[in-house]
Amino acid sequence: MKTLFRTTIAATTFALSALTAGASFAATVVDVSLWDKGAGAMMGTDMMFAMPGAKAMMSATMGVKASVTSAPAGVVTFHVTTNDSKDTVHEMIVMYLADPTQPLPYIAADSRVDEDKAGDKGEVSELDPGASGSLTVVLKPGKYLLICNVAGHFAAGMWTEFEVTQ
Ligand SMILES: [Cu+2]
């Protein structure tokens, strides 16, 4: 099994480099910034359940901003240029929406999205204020959300829609 495992990893790595080397398969780079209005503003948020389309109704005190809102299917690099917060840890998780009409599974008691049940495709986890990080994933066509799942942050507005096209 060990040998088989190594072979699989090597093949995957080769496939990825072949993809990124070809001009027609160039990875899309998405710059992402994570922002908030400061720790003092956080208490004013409703624990309104966030859903695509509901954004306009919310007065977000924190959020996720992406430089582009879609990418062609294939290799996508999310570069979290910074956590712009002065005082709060944020993160960015790529969530695939199997059914975009349904809200993400949520654990109300923890004020967090249930990452195990949702379509977690990878993350740049817990960035200190001012820190940056990146994530490269292979994405199939569909609707996604880029979210921060630090307790309370998703409900406070830390998500943005992202689409992967054919
Ligand atoms: Cu956050």
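The values are calculated or read from the model by the stated rules, or taken from the named source; none is laboratory data. These figures come from a predicted structure and were not determined experimentally. Every residue, glycine among them, receives a Cβ derived from its backbone with ideal geometry; neighbour counts consider all protein chains shown. We work out accessible area using only protein heavy atoms, side chains counted, and drop any ligands, DNA or RNA first. Shrake-Rupley method; radii C 1.70, N 1.55, O 1.52, S 1.80 Å.
Scan the range 147-166 for residues that are open to solvent by 20 Å² or more (accessible area, probe 1.4 Å), in a strand (DSSP E or B) and closer than 16 Å to ALA73 by Cβ and the total you get is 2. Within the range 120-130, the only residue that satisfies the criterion of being open to solvent by 60 Å² or more (accessible area, probe 1.4 Å) and not in a strand (DSSP E or B) is ASP128.
Scanning the range 131-146 turns up one or more residues that are open to solvent by less than 70 Å² (accessible area, probe 1.4 Å), more than 16 Å from the ligand (Cβ to nearest atom) and assigned to a loop (DSSP other than H, G, I, E, B).
Listed by first and then second residue, the pairs with beta-carbon distance under 8 Å, at least 6 apart or on different chains, first residue in the range 108-123 and of a type in the set (S, T, N, Q), second surrounded by fewer than 16 Cβ atoms within 10 Å (Cβ to Cβ), are SER111/MET47; SER111/ALA151.
Would you mind finding the one in LYS65, LYS86, LYS121 that is within 16 Å of the ligand (Cβ to nearest atom), within 12 Å of the chain's Cα centre (by Cα) and basic (Lys, Arg)?
Numbers: LYS86 fails: within 12 Å of the chain's Cα centre (by Cα); LYS121 fails: within 16 Å of the ligand (Cβ to nearest atom).
When all the criteria are applied, what remains is LYS65.
Filtering the range 82-119 to residues that are buried (at least 16 other Cβ atoms within 10 Å of the Cβ) and among the β-branched types (Val, Ile, Thr) leaves THR82, THR88, VAL89, ILE93, VAL94, VAL113.
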